[in-house]
1. Are any of the residues in segment 72-91 touching a strand residue (DSSP E or B) at 6+ places or on another chain (Cβ under 8 Å), among the β-branched types (Val, Ile, Thr) and either at pLDDT 95 or above or open to solvent by less than 20 Å² (accessible area, probe 1.4 Å) (or both)?
2. Output the number of the condition that ASP3 fails; it satisfies all remaining conditions of (1) at negative phi; (2) in a loop (DSSP other than H, G, I, E, B); (3) touching a helix residue (DSSP H, G or I) at 6+ places or on another chain (Cβ under 9 Å).
3. Can you pull out the residues in segment 74-114 that are under 22 Å from ASN5 (Cα atoms), in contact with a Ser or Thr (Cβ under 8 Å, 6 or more places away or on another chain) and part of a strand (DSSP E or B)?
4. Tell me which of these LEU105 doesn't satisfy, since it passes every other one: (1) surrounded by fewer than 16 Cβ atoms within 10 Å (Cβ to Cβ); (2) touching a Cys at 6+ places or on another chain (Cβ under 9 Å); (3) of a type in the set (A, V, I, L, M).
5. Looking at THR12, THR27, can you tell me which residue is under 21 Å from ASP103 (Cβ atoms), open to solvent by less than 40 Å² (accessible area, probe 1.4 Å) and in contact with a Phe, Trp or Tyr (Cβ under 8 Å, 6 or more places away or on another chain)?
6. May I ask you to list the residues in segment 6-27 that are assigned to a helix (DSSP H, G or I), closer than 16 Å to LYS110 by Cα and either out of contact with any strand residue (DSSP E or B) (no Cβ under 9 Å at 6 or more places or on another chain) or polar (S, T, N, Q) (or both)?
7. Of the residues PHE64, PHE41, which is closer than 23 Å to SER107 by Cα, open to solvent by less than 30 Å² (accessible area, probe 1.4 Å) and outside any helix (DSSP H, G or I)?
Amino acid sequence: MADKNSLVVLWTSGDPDVAKKMVFMYTINAKKRGWWQDIKFIVWGPSSKLLSEDKELQEQIKDFIEADIKVEACQACADQYGVADDLAELGIEVKYMGEPLTDYLKSDSKVMTF
């Protein structure tokens, strides 16, 4: 059950600068500094391909998981880019995300999109 202290970060950008200089920096600090109690991080669209290729971002995803940030990826998008297995190997839950995202949007969670 999501509450007002839950954050969902929807990462869709394939731009590595956006990922490294904003999205990933904010997400890990938000968890480590206690700005949000519950954080979910969704990999969707072009970000799937970028993550499958960028070793630095892959290491940061591992840090997210270790910090108890739930990381999910869109199955349909990952399949389109041929990277579903690569993402699953990083410990990401790869699944169809349309319904879960809708549930997050309808909940009390805050949703940030990049």
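1. Within segment 72-91, not a single residue is touching a strand residue (DSSP E or B) at 6+ places or on another chain (Cβ under 8 Å), among the β-branched types (Val, Ile, Thr) and either at pLDDT 95 or above or open to solvent by less than 20 Å² (accessible area, probe 1.4 Å) (or both).
2. All conditions are met except number (3).
3. Those that are under 22 Å from ASN5 (Cα atoms), in contact with a Ser or Thr (Cβ under 8 Å, 6 or more places away or on another chain) and part of a strand (DSSP E or B): LYS110, THR113.
4. The number of the failed condition is (2).
5. The conditions single out THR27.
6. If the condition is that a residue be assigned to a helix (DSSP H, G or I), closer than 16 Å to LYS110 by Cα and either out of contact with any strand residue (DSSP E or B) (no Cβ under 9 Å at 6 or more places or on another chain) or polar (S, T, N, Q) (or both), then THR27 is the only one that fits.
7. Selected residue: PHE41, the only one of PHE64, PHE41 that is closer than 23 Å to SER107 by Cα, open to solvent by less than 30 Å² (accessible area, probe 1.4 Å) and outside any helix (DSSP H, G or I).
The values are calculated or read from the model by the stated rules, or taken from the named source; none is laboratory data. Treat the numbers as computed from the prediction; the structure is a model and nothing was measured. When we count neighbours, we look across all protein chains shown, and the Cβ atoms used for this are built from the backbone with ideal geometry, even at glycine. The protein model used for the area step is the full one, side chains on, heavy atoms only, and it has no ligands, DNA or RNA in it. Shrake-Rupley method; radii C 1.70, N 1.55, O 1.52, S 1.80 Å.
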